[in-house]
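Take a look at the structure set out below.
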Amino acid sequence: MPILMMFIGALLTAVFPLEKYGVKLLPHVDSGLPKLVIPSIAHVDISALFFTTLSIAIVVLAQTLLSAQGNAMKDGYKLDGNKEIFAYGMAELATSLVGCCPTNGSVSRTGLARQYGCKTQAMSLSAAATMALLLLFGTGFIEYLPVPILTAIVITALLGACHFALGKRLFKESRNEFYIFMAACCGVLIFGTIYGVVIGIVLSFLAVVIKAVTPPAHFLGIIPGQTGFFNLEKNVNARPIRHTIIYRFPGNLFFANIDKFQEDIEKAIKEDTEQVIVDASGISNIDFTAIDRLVIFYNDLQKRNIDFYLTRHMDHLNQALRENGGIEIITSGHVRRTMQQALLDCGLVPPYPLEDLETSHISFIQPELEWAFGNEAEKYKQKMTQEMLDKIHSKTDLSPDLLKDIENHTNFGELGLIEADEFLSRLEMHIPEIMEKIHENEQYVEERLEQYRDRIEEKLQEMNPETLRVLKQYRSKYEKKLQELNPHAFNHYKELHQKHLERLEKNKK
């Protein structure tokens, strides 16, 4: 179709004087291959030349590398950016000797190549040969080509390379990046490619800087009965260790965010605070200014009889402290490999004394899927249930292999066992549906699923008796949710479960 449209355009130009009607045509091109010429810069404004060439380089690099990386990912091969830049640099040097347009990777030609299924360099070789033949014998045809038709051909080729799906995805998942995406797009349309690329680069750089200046820092505490340290804001059962602040800073520490680091800790300090422990596992780099401020802050806390510790960081952070004026924090013994060691230095050993201990009983634990999927957790749970139902429907009975599949499907570790219990309840709500596919009675199916519930309780009892108690509290919570989803199925499930409990009681007697 592109070739046909070019011939139609040339024919219309030959028959009708399109240029008289304001239709722009391609200019006349002399026949023959270009000749080698050493460019003269004797009367050229060097500053203007520098800006122009720099702008071209930015556009070539941005357009070429982004497009090339995108196509490399689609086709499953790895791209060496340095080799790409070197190749284009050599190509630009060659074009400067023949008066050619700057060379770059063409998104439109790539779109055409994908459209026609081209997968090798044969396309580039045949295109070069065709271009040579056109320059030698077909330049008279060029001046008959209407620019609008050529523009339409390029736009058609570019439509396949436009990232509409990416814009839609960014709108749903990352509004800030969507705004940058749209700003760069509008910049290209309004001001031109160069300015659009610059707008995108500058805004992206600012977004990175803002994220680096304000990383999601948080304070840590202990959940009774659990190992490790937990975000106090995200875990309602976590409690601070008495007289202790544990602060995690997940980002490089430098001049622009050392204020936030210090202010967060200052705001958290109370009259009875005796030690501040920093989980520096997320700090991979620290600059000279931040080290100076850190030393001042450390000395200020020491004067207030508050110990300050840096823990869990990589050894190159110690090197930066030693070489840039922070060695006193190390020599004083306030740099520790683990938070447990820092707590031990402060005279604190497990079980750690917690604040508000009388109200620190566990009433809820955030299950693994809710932690991993956030607001999408319910949708994912329904998907998992449907997947297991589909697998059950492909069988004729509840064989041991299938029951093993159910166990593997709910294997999420200690906290995940709570969700495994919920998953079994979801399956039990579908027992009437299961009965249509397998040749067993309801009592048998219910008993087999309850066996797995008993196994879950046994595992929790072995791992952590406290969590088993939480499970029984959590059941009432998710059962209310299941009742809201499907009241009829939930009532049937509760009847079966009640009968199971009555049978157990009868067997005990």
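Numerical summary
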quantity	calculated
Rounded, prolate or oblate (a/c below 1.5 giving rounded, otherwise prolate when a/b exceeds b/c) for segment 166-213 by Cα gyration tensor	oblate
Cα-based reach from Lys260 at 16 Å (exclusive), listing lysines while leaving out same-chain residues under 8 positions away	Lys211
Thr103, Thr227 arranged by Cβ crowding within 10 Å, fewest neighbours leading	Thr227, Thr103
Estimated vicinal HN-Hα couplings, Hz - segment 308-322 in sequence order (Karplus 6.51, -1.76, 1.60; Gly, Pro = x)	10, 10, 10, 9, 6, 8, 6, 5, 5, 6, 4, 4, 4, 5, 5
About the Cα centre, charge dipole magnitude for the chain (Lys/Arg +1, Asp/Glu -1 at Cβ), debye	1280
Gain on full stretching of the segment that runs from Met1 to Asp345 - 0.36 nm per residue minus C-alpha separation	116.0 nm
Residues Thr311, Thr53, Thr244, sorted so that the one with the fewest Cβ neighbours within 10 Å comes first	Thr53, Thr311, Thr244
Above-threshold pairs, the threshold being 23 Å between Cα atoms, out of Lys379/Lys499; Lys74/Lys391; Lys391/Lys499; Lys383/Lys481; Lys477/Lys506; Lys168/Lys391	Lys379/Lys499; Lys74/Lys391; Lys391/Lys499; Lys477/Lys506; Lys168/Lys391
Leu135-Val29 pseudo-label distance in nm [points 7 Å out on the Cα-to-Cβ vector]	0.9
Charge dipole (the chain, unit charges on Cβ, about Cα centre) - positive-most of Leu125, Leu482, Pro34	Pro34
Burial ordering of Tyr380, Tyr474, fewest other beta-carbon atoms within 10 Å first	Tyr380, Tyr474
Leu389-His488 pseudo-label distance in nm [points 7 Å out on the Cα-to-Cβ vector]	1.3
MRE, 222 nm, helices only [DSSP H, n ≥ 4, -39500 (n - 2.57), over the chain, to nearest 500]	-20000 deg cm²/dmol
Those chymotrypsin sites (Phe, Trp or Tyr not before Pro) in segment 55-89 that DSSP places in a loop and that have at most 12 other beta carbons within 10 Å	Tyr77
Alpha carbon centroid spacing (whole Å) that separates segment 53-75 from segment 176-254	27
For the chain: relative contact order, % (alpha-carbon pairs under 8 angstrom, 6 or more apart)	10
Cα centre as origin, Lys/Arg/Asp/Glu Cβ charges: segment 246-363 dipole, Debye	340
Computed FRET value (nearest 0.05) for Met73 with Val44, which takes r as the C-beta separation and R₀ as 45 Å	0.65
J(HN,Hα) series, segment 480-485, from Karplus relation 6.51 cos²θ - 1.76 cosθ + 1.60, nearest Hz, glycine and proline x	5, 5, 5, 5, 5, 5
The chain - share of DSSP beta bridges that are antiparallel (%, nearest 5)	40
Given charges at Cβ of Lys, Arg, Asp, Glu: segment 215-347 dipole, positive-most of Phe249, Ile223, Ala268	Ile223
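FYI, it's all coordinate maths here, none of it is from the lab. In this text the structure is predicted, and so the values were computed from the model without any measurement. No Cβ is skipped: glycine too gets one built from the backbone with ideal geometry, and neighbour counts run over all protein chains shown.
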